[in-house]
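*Asks:* Got a structure for you, questions after.
The values are calculated or read from the model by the stated rules, or taken from the named source; none is laboratory data. Please read these numbers as outputs of a predicted model, since none were measured by experiment. Counting neighbours? That spans all protein chains shown, and the Cβs are built from the backbone with ideal geometry, glycine included. We work out accessible area using only protein heavy atoms, side chains counted, and drop any ligands, DNA or RNA first. Shrake-Rupley method; radii C 1.70, N 1.55, O 1.52, S 1.80 Å.
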Amino acid sequence: MCRKGSYMSRRPHSGTVLAGSSGAQRLKPDYLLFFPIPLSKSAKEMKSAGALTSNNGNITIKWDLMDWTPDGYIAVVTAYNNQKQRSIPSPGWKMSWRWAKKEVIWSMAGAQTTEQGDCSMYKGNIPKSCVLKPTVIDLLPGTPYNQQISNCCKGGVLKPGLASSFQITVGAAGTSNSTVRMAVNFMFTAPKQQYICGPTKNVMRTKFITPDLKRTTSALMTWNIACVFHKAT
């Protein structure tokens, strides 16, 4: 039996996420995932910072590794809009990065890549993306329930003080804290807005609390990327 705030995993890359009314989410058929409430500071509590070396920016991206798989890991990626008045309007944000190795994306929930790339070396189970520099976009409102997670599916619109999240299953990657490598060269773009993102930083692990407020858990690792508003375009 899987307790709230923990994962039960068998295989690395099939299935979709189902968000439950209690705040729990289920990745079926191969993962059982409960997605608790983060204890870390909300976007409203975080102050914008002008320095790219800070952990906080106008847009802050957190990459929380939640579980290991046989060939990689599952992560929840969240973009926080820390700006007090500037929204990300439709058609919404785009996020991209460069893999440190030759990682692939097996599956996603709450977002999608814009390109699959060359996955011809794989037979049978085909990754969702084999691109070295993938670009990810939010899903639209009305996305089927089994493809959603919390804070997703707003068509990329991100209002001040709010967050947008997606879940990603990464393969051909490290499977422990010592072998996994951070993605680098993050870019965050928005309509008529230009942002500059700083380096990926390994920071204090995000803490979570279960919906009943009785148990806390932590991400296995947390990476942080601060992006600052550069100019209107």
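*Asks:* Does any residue of segment 206-215 turn out to be of a type in the set (V, I, T) and touching a Cys at 6+ places or on another chain (Cβ under 6 Å)?
*Replies:* Within segment 206-215, none of the residues are of a type in the set (V, I, T) and touching a Cys at 6+ places or on another chain (Cβ under 6 Å).
*Asks:* Looking at (1) surrounded by fewer than 20 Cβ atoms within 10 Å (Cβ to Cβ); (2) touching a strand residue (DSSP E or B) at 6+ places or on another chain (Cβ under 9 Å), find the lone condition where S178 falls short.
*Replies:* Unmet condition: (2).
*Asks:* Right, here's the next one. Go through the residues of segment 179-192 one by one and say whether even a single one is assigned to a strand (DSSP E or B), modelled with pLDDT of 95 or more, more than 16 Å from the chain's Cα centre (by Cα) and of a type outside the set (V, I, T).
*Replies:* Checked against the condition, which is being assigned to a strand (DSSP E or B), modelled with pLDDT of 95 or more, more than 16 Å from the chain's Cα centre (by Cα) and of a type outside the set (V, I, T), segment 179-192 yields at least one hit.
*Asks:* Check off (1) touching an Asp or Glu at 6+ places or on another chain (Cβ under 6 Å); (2) assigned to a strand (DSSP E or B) for A173 and give me the number that stays unchecked.
*Replies:* (2) is the only condition that A173 fails.
*Asks:* Something else now. Mind listing whichever residues of segment 80-120 are over 15 Å from the mean Cα position of the chain (by Cα), farther than 18 Å from I59 by Cα and surrounded by fewer than 17 Cβ atoms within 10 Å (Cβ to Cβ)?
*Replies:* Across segment 80-120, the qualifying residues are A100, K101, K102, T114, E115, Q116, G117, D118, C119, S120.
*Asks:* In the list L158, L162, which residue meets the criterion of being under 15 Å from the mean Cα position of the chain (by Cα), modelled with pLDDT of 95 or more and open to solvent by less than 20 Å² (accessible area, probe 1.4 Å)?
*Replies:* One residue alone meets the criteria, L158.
*Asks:* Out of the residues in segment 206-233 that are touching a strand residue (DSSP E or B) at 6+ places or on another chain (Cβ under 6 Å), in a loop (DSSP other than H, G, I, E, B) and more than 27 Å from I88 (Cα to Cα), state the one that is least open to solvent (accessible area, probe 1.4 Å).
*Replies:* Only one residue tops the list, namely A219.
*Asks:* Could I ask something else about it? Do we find a residue being surrounded by 15 or more Cβ atoms within 10 Å (Cβ to Cβ), assigned to a strand (DSSP E or B) and under 17 Å from the mean Cα position of the chain (by Cα) anywhere in segment 193-201?
*Replies:* yes
*Asks:* Does T179 satisfy the criteria of being of a type in the set (S, T, Y) and more than 22 Å from K101 (Cβ to Cβ)?
*Replies:* no
*Asks:* How about segment 143-158: which of its residues are more than 19 Å from N81 (Cβ to Cβ) and either in a loop (DSSP other than H, G, I, E, B) or among the small types (G, A, S) (or both)?
*Replies:* Those that are more than 19 Å from N81 (Cβ to Cβ) and either in a loop (DSSP other than H, G, I, E, B) or among the small types (G, A, S) (or both): T143, P144, Q148.
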